[in-house]
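Okay, so here's the structure we're looking at.
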Amino acid sequence: MSRIRGKDTKPELVVRSTLHSMGYRFRLHGKNLPGKPDIVLPRYNTVIFVHGCFWHRHKGCRLTYMPKTHTEFWEAKFSATEKRDRQNKSTLRKLGWSVFTVWECATADREALKPMLIRCLTSS
């Protein structure tokens, strides 16, 4: 698991390049914000988390499965991740940020990703 990247993942790069091509400018990995959001758009008071479907347990996604071995370990790990995600999002909202999550599976189709990102940024 030490080789699992936390920054600059392929889905994150797709979202970043899509936002950039649409003319949005942003900061990366807000170190001073709870959860260190992947993308911070201060002008829109918005943060975007780009979550992997497996690690963050995207409900109903085909990429979310339970490993067949060491299930107690994985259940505890996934449960802690979900709890931490909820806490970070709640804290960010209390601080006045709009919080959005882009799931890994949504980055496969860039053309479908663009309208979703526009909705995120115009609804904030």
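The values are calculated or read from the model by the stated rules, or taken from the named source; none is laboratory data. Keep in mind it's a predicted model, so treat the numbers as computed, not measured. Cβ placement follows ideal geometry from the backbone for every residue including glycine, while neighbour counts extend to all protein chains displayed. Please note that ligands, DNA and RNA were not included when accessible areas were found on the heavy atoms of the full protein model with its side chains. Shrake-Rupley method; radii C 1.70, N 1.55, O 1.52, S 1.80 Å.
Principal axis extents of the C-alpha atoms in the stretch 7-65 (largest first, rounded to whole Å): 36, 26, 18. Where the alpha-carbon atoms of the chain are placed on the principal axes, they occupy 45, 32, 26 Å, in descending order. Computed over protein heavy atoms with a 1.4 Å probe, the accessible surface of the stretch 12-70 works out to 57 Å² per residue.
Per-atom-type breakdown for the stretch 13-124 gives carbon and sulfur 53% of the accessible area (1.4 Å probe, protein chains only).
Which is farthest toward the positive dipole end of the stretch 1-88 among Leu19, Ala76, Asn88, measuring Cα position about the Cα centre, with Cβ charges +1 (Lys, Arg) and -1 (Asp, Glu)? Working it through, the farthest residue towards the positive pole turns out to be Leu19.
Computed with a 1.4 Å probe on the full set of protein chains, the accessible area for His58 sits at about 40 Å². Counting only protein heavy atoms and using a 1.4 Å probe, the accessible area of Trp97 comes to about 50 Å². For the residues Phe73, Phe49, Phe100, a 1.4 Å probe over the protein chains yields an accessible-area ranking, largest first, of Phe73, Phe100, Phe49.
Only the Cβ atoms of Lys and Arg (+1) and of Asp and Glu (-1) were treated as charged; on that basis the dipole of the chain about its Cα centre amounts to roughly 300 debye.
Can you tally the net charge around Thr122? Count Lys and Arg as +1, Asp and Glu as -1, for every other residue whose Cβ sits under 15 Å from the Cβ of Thr122. Net charge in that neighbourhood comes out at +3.
Principal axis extents of the C-alpha atoms in the stretch 81-124 (largest first, rounded to whole Å): 32, 25, 7.
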